[in-house]
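Asker: Got a structure for you, written out below as structure tokens; questions coming shortly.
The values are calculated or read from the model by the stated rules, or taken from the named source; none is laboratory data. This is a predicted model, so every value here is computed, not measured. Every residue, glycine as well, gets a Cβ built from its backbone with ideal geometry; the counts of neighbours run over all protein chains shown. Please note that ligands, DNA and RNA were not included when accessible areas were found on the heavy atoms of the full protein model with its side chains. Shrake-Rupley method; radii C 1.70, N 1.55, O 1.52, S 1.80 Å.
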Amino acid sequence: MHRPTLLSHRAIALQPSLTLAISARAKALQQDGRDICSMSAGEPDFNTPDFIVEAAVKALRDGITRYGPAAGDPELRAAIADKLTHGNSHPCTPANVLVTNGGKQAIFNLFQVVLNPGDQVLIPSPYWLSYPEMARLAGAEPVVVPTQAEEGFELDLDALEAAITPSTRLLVINTPGNPTGRVSSQQELQSLAEIVRRHPQLLVMSDEIYEHLLAEGTEHFSFAAIAPDLADRIFVVNGFAKGWAMTGWRLGYLAGDAEVIKATAALQSQSTSNVCSFAQRGALAALQGSMDCVHSMAASYNNRRQQLVQGLQAIDGLTLVPPRGAFYAFPKLPDAVSGSLDFCETALEQEGLALVPGAAFGDDRCIRLSCAVSHETIEDALGRLGRMLAAHR
Ligand code: PLP
């Protein structure tokens, strides 16, 4: 007899993360002895810098092992507020800051406290895959505003504004962007600010988690610094995972209006409580320490990004918008390829090449490759990809 499901409607509607699924399949094939070349990683290939590890070890030894305030360690909140104020020209106090289990929880908590069922969330595509799912988990409707590889993934500002309805509550910005590596110009952010000013019900979430990973000559602009008059409507998401190679530490933050931050802290107090107490001491050391480690990792991604970009540009049939930040490239497949999911499945099964299908990011014509891998792996991947695409000609 058919057993009725135990799952809630919410759980049934939830899409599991496709990037994690691909990594799992690639690992399983590797364990079976297949020679797998993986370009699917979404994380730095460096270890966390020693001085950060030492600070967390010391905290453990010093007995920083108990519950702490749900909103985060006061010293860390103050250090983050200071970083935003002086590093991003975004004046903040500790009351404007929530310490979270990674940037992910910052976004999740924000969506939970500012979105009502029926609200719409504007998300330019290609987008980071968790935004639409998190909007749905908050009962809201994700509304995708597409951008095209052929147009450099430039935002069509008129199309964006035309998509705004009285139900539109939140606009998502992500610069530097995952998966495209696109970095918003100052002018683009100024134009976006003009749009936000014309729609007083609209809040903005600016995900700046890749802010330190920039190609040479590229500058990061923080939306809150561009539009200080909109400060009470802008929520910044950031964290330590990408810049400091701290993905497993689960350390991020949300910054914005104090009343909203207080509500997210209440939500956190009823769900996860404080972020791991001794890990927060590591994050504090990261902010107080020298940025040399971040800059040297960023320089290494730059070398590898360049190698990946040159290699992809040399493959016939791909259209590449050269990424200016983060550690990804997001080339468009030739028109003859039917879809990114089939393409990536074939790449993995036939060539042992793990890629992430663009469909996961709202663009089924593209694939995502990470450059947070060695030069040898990049070269190997380019060879395998070139062979696959030659078969499509
Ligand atoms: N935002 C973007 C654009 C990301 O790519 C990621 C992670 O891949 C996150 C947020 C979440 O990062 P964290 O590991 O801090 O949760």
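Asker: Here are the criteria: (1) over 14 Å from the mean Cα position of the chain (by Cα); (2) hydrophobic (A, V, I, L, M, F, W, C); (3) within 12 Å of the ligand (Cβ to nearest atom); (4) not in a loop (DSSP other than H, G, I, E, B). Tell me which single one LEU254 does not satisfy.
Answerer: (1)
Asker: Moving on. Is it fair to say VAL237 is under 28 Å from LEU189 (Cα atoms), at pLDDT 95 or above, within 16 Å of the ligand (Cβ to nearest atom) and not small (Gly, Ala, Ser)?
Answerer: So VAL237 passes the test.
Asker: Same structure again: Answer yes or no as to whether THR48 is within 16 Å of the ligand (Cβ to nearest atom), in contact (Cβ under 8 Å) with a residue 24 or more places away in the chain, surrounded by 12 or more Cβ atoms within 10 Å (Cβ to Cβ) and closer than 20 Å to VAL99 by Cβ.
Answerer: It is true that THR48 is within 16 Å of the ligand (Cβ to nearest atom), in contact (Cβ under 8 Å) with a residue 24 or more places away in the chain, surrounded by 12 or more Cβ atoms within 10 Å (Cβ to Cβ) and closer than 20 Å to VAL99 by Cβ.
Results for (1) away from the ligand (no atom under 16 Å from the Cβ); (2) of a type in the set (Ser, Thr, Tyr), shown as yes or no for each residue.
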{"site": "ARG250", "(1), (2)": "no, no"}
{"site": "LEU267", "(1), (2)": "yes, no"}
{"site": "VAL275", "(1), (2)": "no, no"}
{"site": "SER296", "(1), (2)": "yes, yes"}
{"site": "ALA299", "(1), (2)": "yes, no"}
{"site": "GLN306", "(1), (2)": "yes, no"}
{"site": "GLY317", "(1), (2)": "yes, no"}
{"site": "PRO323", "(1), (2)": "no, no"}
{"site": "ASP342", "(1), (2)": "yes, no"}
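Asker: Of (1) in contact with an Asp or Glu (Cβ under 8 Å, 6 or more places away or on another chain); (2) among the β-branched types (Val, Ile, Thr); (3) surrounded by fewer than 18 Cβ atoms within 10 Å (Cβ to Cβ), THR218 satisfies all except one. Which?
Answerer: Failed condition: (1).
Asker: What is the number of the single condition among (1) of a type in the set (Gly, Ala, Ser); (2) part of a loop (DSSP other than H, G, I, E, B); (3) away from the ligand (no atom under 16 Å from the Cβ); (4) open to solvent by less than 50 Å² (accessible area, probe 1.4 Å) that GLY243 does not meet?
Answerer: (3) is the only condition that GLY243 fails.
Asker: State the number of residues belonging to region 312-333 that are at pLDDT below 95 and farther than 13 Å from LEU382 by Cα.
Answerer: 1
Asker: Could you name every one of the helices (runs of 4 or more DSSP H) located completely within region 120-226 that has at least 3 residues being away from the ligand (no atom under 16 Å from the Cβ) and modelled with pLDDT of 95 or more?
Answerer: Those helices (runs of 4 or more DSSP H) span 157-162, 186-198, 223-226.
Asker: From the residues in region 266-281 that are surrounded by 21 or more Cβ atoms within 10 Å (Cβ to Cβ) and of a type in the set (A, V, I, L, M), which one is nearest to VAL53 (Cα to Cα)?
Answerer: Here the answer is ALA279.
Asker: Going through region 312-344 one residue at a time, which ones are in a helix (DSSP H, G or I) and open to solvent by less than 80 Å² (accessible area, probe 1.4 Å)?
Answerer: Result: LEU312, SER340, PHE343, CYS344.
Asker: Next up: Could you count how many residues in region 94-114 are over 16 Å from ILE234 (Cβ atoms), open to solvent by 10 Å² or more (accessible area, probe 1.4 Å) and either away from the ligand (no atom under 16 Å from the Cβ) or not in a helix (DSSP H, G or I) (or both)?
Answerer: Count: 2.
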